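Below: the structure, in structure tokens.
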Amino acid sequence: MRQSTGQRELFETRPAWEEDDARQGIVATVVLPDGVDKPLDYLVPEALAAAVEPGRRVRVPLGRGNRERLAYCVAVRSGELPQQPLKSVAGVEDDAPLLAPRMLELTKWMSERWLARWGEVLEAVLPAGVRATRKRRAVPLLVATGASSARKPTAAQARVIAAATAPATAEELADLTGASRAVIARLVKAGLLAAAGVADAPGPTRNARARISHDRPAALSPAQSQALEAIRAPMRDGRYETVVLFGVTGSGKTEVYLQAVEETIAAGRQAIVLVPEISLTPQTCDRFRARFGDVAVLHSHLTPAERHTQWREIASGRVGVVVGARSAVFAPTPRLGLVVIDEEHENSFKQATAPRYHARDVAEWIARAERVPLVLGSATPSLETFARCLAGEWTMCRLPDRVGGSHLPPVMTVDLRDPSSRARGAVSPRLAAGIKWALDAGGQVMLLLNRRGFATHVQCRACGHTVRCPQCDLALTVHRPENRGICHGCGLVSRLAHACPACAAPNLVQRGTGTQRLEEEVRGLFPGARVARMDTDTMRARGSHERTLDAFRAGEIDLLVGTQMIAKGLDFPSVMLVGVVNADAALHLADFRAAERTCQLVTQVAGRSGRGRLGGRVVVQTSTPDHPAISAAGRHDYEAFVRSELPLREALLYPPFGHIVRVVVRSVDEQAAANWAEHIAGRLRQEAAVLPAEATEPPAVRVLGPAPAPIARLRDRFRYHVQAMGRDETALRNLIRRATATLQTPDKVAWIVDVDPVEML
Ligand code: ADP
Ligand code: ZN
């Protein structure tokens, strides 16, 4: 038999009579956002040939009814058409590609990396406002005319005129100055403001602009200079490299980012800066704005139209800096020069819903593809990041000291097992003494308690029963002032019963301290102090974080009680005492990262103290003072914790040494959930035992479970999980793919696959 050596030869030797059949044409491969998993091929009619291109959406007929669906065109090829007839593309939705070729490549990679559907990934990387093809509202821009008026302008009018030196919408002017729309309308009528073109859509409000003006320091510290040089080297050579800034809080990491971004802009390139959550990091955003003026800040409060405007501004290449949370990593920068991830250890960089990607891995892919440096910064790098630095794959720059000579505060540990430390409720006598010391010296206090609500649970004194959410396997938390039970799993609010639901005894007591009770307790202990609380209950309204933090900075609050929200990258020079009310609250969760998280949280919050001239202290209350996570945080020696934790992870093949894929099965019917989890576990074990075609030995994959998940019931769904673990991530993913490819999910059961989960509950 003759073997063909390629297309060309095949073509040349084709008998003449087949010429008619071998039709030539253009074929588009499309991916549907949902429903169908597989990419599908469609014929591109002549009339649409110019408009169909990868990255645009097209309308295609689907199924027997040929119902029209919107789909992403991911590839176009021309040549010989396949034997079987193809349906034709019906229309083109977008007048330009929404996704550049590199983004298409990225989304394909993501779908493989996190076992997600390609269509789902495509939807996730495009903001809803960009996907919606509705008409945009044109909003007039106003600018001060400089005309003089007969009458002296009022104070409000003067503020508006001063603010309108550059074109802005009426809404922006109102936001900036606090003036009413009526004031602005009168100024237009008087000819003091005039129209200056239109904006496509209401722009992002700029009221936070230049609220704080951080000056550029005269000189970088030696450690900062070294770090900046480490980022400059790959920039200069036009190559990828990941540089990790491992620096204590206040060591000047942000200043290094700022200067690296400055050089990126000077080189005509764009920078993406990822932060854990915009509303929790107003200071970081302000510093970028203060340094660079116009910064595209992508925060979760943007309307779809605002998001679209930002997207197009970034895509036009006009925006030098993009600051945003996780999804800002997909900002369509045509001239990317640098990616920075601040507080890279934060869990919020991993998306909790499909596609369950991690922004750090996405950023690494992008930085490699674009040949630019990726900078990761943290006082407490994740163990994944640490391990890659220790392996020599990534470059670690240490910034061990605070700039400006302030020292890390001494940490005092209070052993909660000692009954005398509990004499007065949640605040031990030593913590109270510390608070008094700080307040007397005119300093401020931050108290961290990572549990919101008043009491953490309600228990029966007679039988010991704990009152649970009717829909979840979780204890109800008591919230004041209405004294209602709230489930932190599902949010269900219920009236607290007077009698025990189990034994009917009227002996229910509210136990455990949440932030509400702590607030009440410190108000009682320090009647003269101005106390505020910061947790998701008090911070629901838009802008409330900023208001509370501004008030704290202005010295209008003496004592701030809060959840982990207060542990984020905030810089308050007057904080003299940080108290960790219960350091081991999260230490015993059924999650292999519990110790890592605890050490990170305690280290981070401890770093908030003593940043100013007054110095500071930290008091950590704990029942396990000797636990490496607590003792290392107490010595500000995170690396000591890392070195004690890594061997434990290695012995069990936990990340960063192995990879985990977690399957979670949910059902209203407990047996159905258990059975399906059992079935999946069985399939995984089967596949783990067989030899894949490409391997010489079966992959070393361990399958754990099925077992009820640590939260065994949530929102009336029973939850079971199965975990597969292995050293080789590709082999592990392939195994999962083979094991789950042909599964027919039974009724009433839902299940998800989470690759490299950060959440094990
Ligand atoms: P980090 O991001 O590591 O917490 P920052 O960059 O916020 O540290 O720096 C802490 C404080 O020190 C900030 O107020 C910053 O403006 C200031 N700072 C940073 N670098 C220098 C420097 N080289 N000289 C003087 N002050 C600096
Ligand atoms: Zn619940």
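Just a few scattered comments:
- Burial ranking of peptide ranges 98-108, 438-448 (average Cβ count within 10 Å, highest at the top): 438-448, 98-108
- Label-point separation in nm, residue 368 to residue 83, each point 7 Å along Cα→Cβ: 3.9
- Annotation for residue 637 and residue 752: the two label points, set 7 Å from Cα along the Cα-Cβ direction, are 4.0 nm apart.
- Mean-position separation - Cα centroids, the range 545-619 and the range 501-521, in angstrom: 26
- Using a Förster distance of 41 Å, the FRET efficiency for residue 690-residue 496 (Cβ separation, nearest 0.05): 0.15
- Length added when fully stretched, residue 465-residue 480, from 0.36 nm per residue minus Cα-Cα: 3.2 nm
- In sequence order, the range 740-757 has phi-based couplings of 10, 4, 10, 5, 9, 5, x, 4, 6, 10, 10, 8, 10, 10, 10, 8, 6, x Hz under the Karplus curve 6.51 cos²θ - 1.76 cosθ + 1.60, θ = phi - 60°, and Gly or Pro positions carry x.
- Accessible surface calculations at 1.4 Å, restricted to protein heavy atoms, place the chain at 46 Å² per residue.
- The range 138-200: Rg to Rh, with Rh as the Kirkwood radius over Cα pairs: 0.93
- For the residue pairs 87/108; 253/436; 253/568, the C-alpha atoms sit more than 21 angstrom apart in 87/108; 253/436.
- Candidate cross-link partners of residue 748 among the aspartates and glutamates, defined by an alpha-carbon separation under 13 Å and a same-chain spacing of 8 or more, comprise 669, 670, 716.
- Across all Cα atoms of the range 659-755, the radius of gyration (one decimal) and Dmax (whole number) stand at 13.5, 45 Å.
- Amide H to amide H, with H built 1.01 Å from N, residue 458 comes under 5 Å of 467, 476, 511, counting only residues 5 or more places away or on other chains.
- In the range 81-195, Cα pairs under 8 Å separated by at least six residues give a relative contact order of 23 percent.
- Cys residues of the chain that find no other Cys beta carbon under 4.7 Å: 73, 285, 389, 397, 490, 599.
- Whole-Å distance, taken between Cα centres, linking the range 717-761 and the range 323-337: 30
- Length-normalised contact order for the chain - Cα pairs under 8 Å, 6+ apart - percent: 10
- In the chain, the alpha-carbon atoms span a convex hull of 225 Å³ per residue.
- When shorter helices are ignored and each DSSP H run of at least 4 residues is given -39500 (n - 2.57), the per-residue value for the chain at 222 nm works out to -9000 deg cm²/dmol.
- Under-5 Å amide H pairs with residue 619, H placed in peptide plane, nonlocal only: 412, 578, 579, 580
- Take every DSSP beta bridge whose two residues both sit in the range 632-736; close to 100 percent of them are antiparallel.
- Per-residue SASA entry for residue 112, accessible area with 1.4 Å probe, Å² rounded to 10: 80
- Alpha-carbon centroids, the range 18-70 and the range 358-409: separation in whole Å: 44
- Taking label positions 7 Å along the Cα-Cβ direction at both residue 540 and residue 24, the computed distance is 6.6 nm, reported to one decimal.
- The chain - charge dipole about Cα centre, Lys and Arg +1 at Cβ, Asp and Glu -1, debye rounded to 20: 2320
- Working from Cα pairs under 8 Å separated by at least six residues, relative contact order for the range 222-399 is 37 percent.
- FRET efficiency, residue 90 to residue 591 (Cβ-Cβ, R0 41 Å, nearest 0.05): 0.25
- Calculated FRET value between residue 180 and residue 530, using beta carbons and R₀ = 30 Å, to 0.05: 0.45
- Extension gain from residue 407 to residue 108, taking 0.36 nm per residue of separation minus the Cα-Cα distance: 102.9 nm
- Each residue of the range 632-646 was assigned a 3J(HN,Hα) from its phi angle through the Karplus curve 6.51 cos²θ - 1.76 cosθ + 1.60 (θ = phi - 60°); the sequence is 5, 4, x, 9, 6, 10, 4, 4, 5, 4, 4, 5, 7, 7, 4 Hz, with glycine and proline shown as x.
- Only Lys, Arg, Asp and Glu carry charge here, each on its Cβ (+1 for the first two, -1 for the last two); on that basis the range 659-755 has a dipole of about 240 debye about its Cα centre.
- DSSP beta bridges fully contained in the chain are about 55 percent antiparallel.
- The slack in the chain from residue 728 to residue 670, taken as 0.36 nm per residue of separation less the alpha-carbon distance, amounts to 17.6 nm.
- Unit charges at the beta carbon, dipole of the chain: most positive-side option, 60, 194, 367: 194
- Residue-by-residue Karplus 3J(HN,Hα) for the range 706-713, coefficients 6.51, -1.76, 1.60, Hz, glycine and proline x: x, 8, x, 5, x, 9, 6, 8
- Cα-based radius of gyration for the range 316-362, normalised by 2.2 N^0.38 Å, reads 1.22.
- Charge-dipole axis of the chain as Lys and Arg at +1 and Asp and Glu at -1 on Cβ define it, positive-most pick from 604, 712, 106: 604
The values are calculated or read from the model by the stated rules, or taken from the named source; none is laboratory data. Quick caveat, the model's predicted, so the values are computed rather than measured. Neighbour counts run over all protein chains shown; Cβ positions are idealised from the backbone, glycine included. Surface areas here come from the heavy atoms of the whole protein model, side chains and all, with no ligands, DNA or RNA. Shrake-Rupley method; radii C 1.70, N 1.55, O 1.52, S 1.80 Å.
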